[in-house]
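The values are calculated or read from the model by the stated rules, or taken from the named source; none is laboratory data. Keep in mind that this is a model prediction, so the values were computed, not measured. Quick reminder, even Gly has a Cβ in these numbers, built from the backbone with ideal geometry, and neighbours come from all protein chains shown. With ligands, DNA and RNA removed, areas are computed over all heavy atoms of the protein, side chains included. Shrake-Rupley method; radii C 1.70, N 1.55, O 1.52, S 1.80 Å.
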Amino acid sequence: MLRRDLGVVLAALLPVLAWDAGGLDLPLERLLGGPEGFAWRSHWLTSTVLHQGGRALAWVAVALLALNVLRPLLGCRLTRGERLRWLLVTLAVFAVVPLVKDGSATSCPWSLAEFGGSASYVSHWRWGVGDGGPGRCFPSGHATAAAAFFTGWFALRRRHPRGARRWLAATLALTALLGAAQMLRGAHYLSHVLWAAWLCWAMAAATAPRPALQPAYTGSP
């Protein structure tokens, strides 16, 4: 299972690297904004519902995982130790992207001069090279509000495979939705969303419970 997980991590990395190599971030954002900025930046749907609401939904989900440790609300076939691990790993995954963002000199699209800001475009690969803007925009922190919950797939897949598939589908859909909203607002490039999702998946896969390390299910919470 470890080998399979590693294979998926590496396979998922290929399209992310391909998008970066294509240099299509800025051309895509030019389709969404212009000198006057981004029309969807302050729209109630993208700003209030999907940005603020998405963040609130993430914390509600974390609270449910915390309650799940005390009483099996989710993944009822998991032991208490497994449910605690699920919560702690999720919190750890949440911390990965902010740590990377703190070291990034890349600014958000809405900070670029051609979109009404003052920065110039600099690839996020040019670490330490300032673009004249505030930086700290790569990768997408908001996409992490959904992508951090990839941990649910790894926590549930052995004992509750159907639930794991549904959890994964919902997590992927929410990651895409929240990421798209931030792109429409000019808050992130597509590469920012893709890298955030990949980092969360890789972290969740690296810390996933392995069958050999799991105790046999006894039926008790």
Could you list, ordered by first residue, the pairs with Cβ atoms under 8 Å in which the first is in segment 186-205 and farther than 19 Å from ASP5 by Cβ and open to solvent by 10 Å² or more (accessible area, probe 1.4 Å) and the second is charged (D, E, K, R) and assigned to a helix (DSSP H, G or I), at least 6 apart or interchain? LEU190/ASP25
Failed criterion for CYS76 (all others in (1) of a type in the set (A, V, I, L, M, F, W, C); (2) modelled with pLDDT under 95; (3) open to solvent by 30 Å² or more (accessible area, probe 1.4 Å); (4) part of a helix (DSSP H, G or I) hold): (4)
Regarding segment 142-159, can at least one residue be identified that is touching a residue at least 12 places away in the same chain (Cβ under 8 Å), buried (at least 22 other Cβ atoms within 10 Å of the Cβ) and among the polar types (S, T, N, Q)? yes
Just one of (1) at pLDDT 95 or above; (2) of a type in the set (Gly, Ala, Ser); (3) open to solvent by less than 20 Å² (accessible area, probe 1.4 Å) trips up SER104, so point out which. (1)
Six or more apart or on different chains, Cβ atoms under 7 Å: show the pairs whose first residue is in segment 37-51 and surrounded by 12 or more Cβ atoms within 10 Å (Cβ to Cβ) and whose second is among the aromatic types (Phe, Trp, Tyr). GLY37/TRP110; GLY37/PHE115; PHE38/TRP110; PHE38/PHE115; ARG41/TRP110; THR46/TRP40
Go through the residues of segment 115-126 one by one and say whether even a single one is part of a helix (DSSP H, G or I) and touching a strand residue (DSSP E or B) at 6+ places or on another chain (Cβ under 6 Å). yes
Exclusive hit being assigned to a helix (DSSP H, G or I), open to solvent by 50 Å² or more (accessible area, probe 1.4 Å), farther than 19 Å from MET203 by Cα and at pLDDT 90 or above, set LEU67, LEU84: LEU67
Looking only at segment 113-141, count every residue that is under 17 Å from the mean Cα position of the chain (by Cα), open to solvent by less than 10 Å² (accessible area, probe 1.4 Å) and free of Cβ contacts under 8 Å to residues at least 40 places away in the same chain and tell me the total. 0
Residues in segment 162-179: is at least one surrounded by fewer than 19 Cβ atoms within 10 Å (Cβ to Cβ), over 23 Å from ARG3 (Cα atoms), among the hydroxyl-bearing types (Ser, Thr, Tyr) and touching a residue at least 12 places away in the same chain (Cβ under 8 Å)? no
Kindly indicate whether TRP110 is open to solvent by 40 Å² or more (accessible area, probe 1.4 Å), touching a residue at least 60 places away in the same chain (Cβ under 8 Å), in a loop (DSSP other than H, G, I, E, B) and not polar (S, T, N, Q). no
Near pairs, Cβ below 6 angstrom, 6+ apart or cross-chain, from segment 1-15 (under 19 Å from SER191 (Cα atoms)) to any residue that is modelled with pLDDT of 95 or more and open to solvent by less than 100 Å² (accessible area, probe 1.4 Å): VAL9/ALA202; VAL9/ALA205; ALA12/TRP198
Taking the conditions exactly as written (farther than 28 Å from GLY33 by Cα and either modelled with pLDDT under 95 or hydroxyl-bearing (Ser, Thr, Tyr) (or both)), does ARG165 satisfy them or not? no
